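All remarks here apply to the structure that follows.
The values are calculated or read from the model by the stated rules, or taken from the named source; none is laboratory data. The structure presented is a predicted model; accordingly, all values stated were derived computationally and were not measured. Quick reminder, even Gly has a Cβ in these numbers, built from the backbone with ideal geometry, and neighbours come from all protein chains shown. The protein model used for the area step is the full one, side chains on, heavy atoms only, and it has no ligands, DNA or RNA in it. Shrake-Rupley method; radii C 1.70, N 1.55, O 1.52, S 1.80 Å.
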Amino acid sequence: MRADWITLAVRTGGPGAAGISLIAVPGDAAGLARSPLAKMGWWCSDTAQLRFDSVRVPIDHLIGDEGTGFRMIMQNFNSERLLMSAGAIAFAQVCLDEAIDWARQRKTFGAALVEHQVIRHKLMDMKMRIESTRAWLDAVTARGDSGDKSAKGAEWVAQVCLLKNHATQTMQFCADAAVQILGGMGFMQGTAAERIYREVKVMMIGGGAEEIMKDLAARQLG
């Protein structure tokens, strides 16, 4: 709703990927209309339905060369998936931090929640998943930053896809566990766990849904 410019993938040529180009469309272009879309999570992310009625865009608004739009979009995916993996781990850590803080303060039956073994085990299950996922992220990003072009081949792309799945599953597990530990407070708006719980699914879908990531990884691995 607020964007001054919109990057749009359009068909400028024949069928298939080679016919796709990227153009920059001014937000005030004649014939462009938009209406807001309400979402389960990511409320701060401005999302809208765009409608184009005979919108004309100057040729110099073409981004890159004509017919290379799909290639540019695909090149961005690995970076997007790595970024989402890092974000998912950070969200999971926030859930763990809030759950630990709450478990230390909240008392039931005369004892702090953290004094109950079942709660401590939940917290350690969260930490175990976070630490292992973070180690995987470190390994994949170090390989990508090595400067060795051969290191970023098909096997690396498969690692990125699987990492993105694993990281968002870690986020899902930790969000669920945090809401459970917080109990009724975890269902209240204003807690980090409640917000992150709502935003898990868009992280699991964005950048490529789990099913797509698995299939892409399998094809990359032959």
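For this structure, a couple of remarks:
- For segment 64-81, the set of residues classified as aliphatic (A, V, I, L, M) and either within 21 Å of residue 151 (Cβ to Cβ) or surrounded by 16 or more Cβ atoms within 10 Å (Cβ to Cβ) (or both) consists of 72, 74, listed by residue number.
- Per the listing 174, 161, the residue uniquely under 29 Å from residue 75 (Cα atoms) and in a helix (DSSP H, G or I) is 161.
- Looking only at segment 29-63, residues that are on the phi > 0 side of the Ramachandran plot and surrounded by 12 or more Cβ atoms within 10 Å (Cβ to Cβ) come to 1 in all.
- Verdict on residue 99 being touching a Phe, Trp or Tyr at 6+ places or on another chain (Cβ under 8 Å), in contact (Cβ under 8 Å) with a residue 24 or more places away in the chain, surrounded by 15 or more Cβ atoms within 10 Å (Cβ to Cβ) and in a helix (DSSP H, G or I): no
- Considering the conditions (1) exposed (fewer than 14 other Cβ atoms within 10 Å of the Cβ); (2) within 25 Å of the chain's Cα centre (by Cα); (3) hydrophobic (A, V, I, L, M, F, W, C), residue 84 is excluded by exactly one of them, (1).
- Of all residues in segment 144-158, those satisfying the criterion of being farther than 13 Å from residue 79 by Cα, without any contact (Cβ under 8 Å) to a residue 24 or more places away in the chain and not small (Gly, Ala, Ser) are 148, 149.
- Considering only residues in segment 1-28 that are open to solvent by 40 Å² or more (accessible area, probe 1.4 Å) and among the polar types (S, T, N, Q), the one that is nearest to the chain's Cα centre (by Cα) turns out to be 7.
- Any hit, segment 105-119, residues being β-branched (Val, Ile, Thr), modelled with pLDDT under 95 and farther than 20 Å from residue 203 by Cα: yes
- Tally, over segment 183-209, of residues that are touching a residue at least 24 places away in the same chain (Cβ under 8 Å) and in contact with an Asp or Glu (Cβ under 7 Å, 6 or more places away or on another chain): 5
- Residues of segment 184-207 that are buried (at least 20 other Cβ atoms within 10 Å of the Cβ) and not in a helix (DSSP H, G or I): 207 alone.
- Looking across 143, 104, one residue alone is assigned to a helix (DSSP H, G or I), under 30 Å from residue 222 (Cβ atoms), open to solvent by 60 Å² or more (accessible area, probe 1.4 Å) and out of contact with any Leu (no Cβ under 6 Å at 6 or more places or on another chain). It is 143.
- Only listed residue being more than 17 Å from the chain's Cα centre (by Cα), crowded, with 17+ Cβ neighbours inside 10 Å and farther than 21 Å from residue 205 by Cβ, chosen from 130, 181: 181
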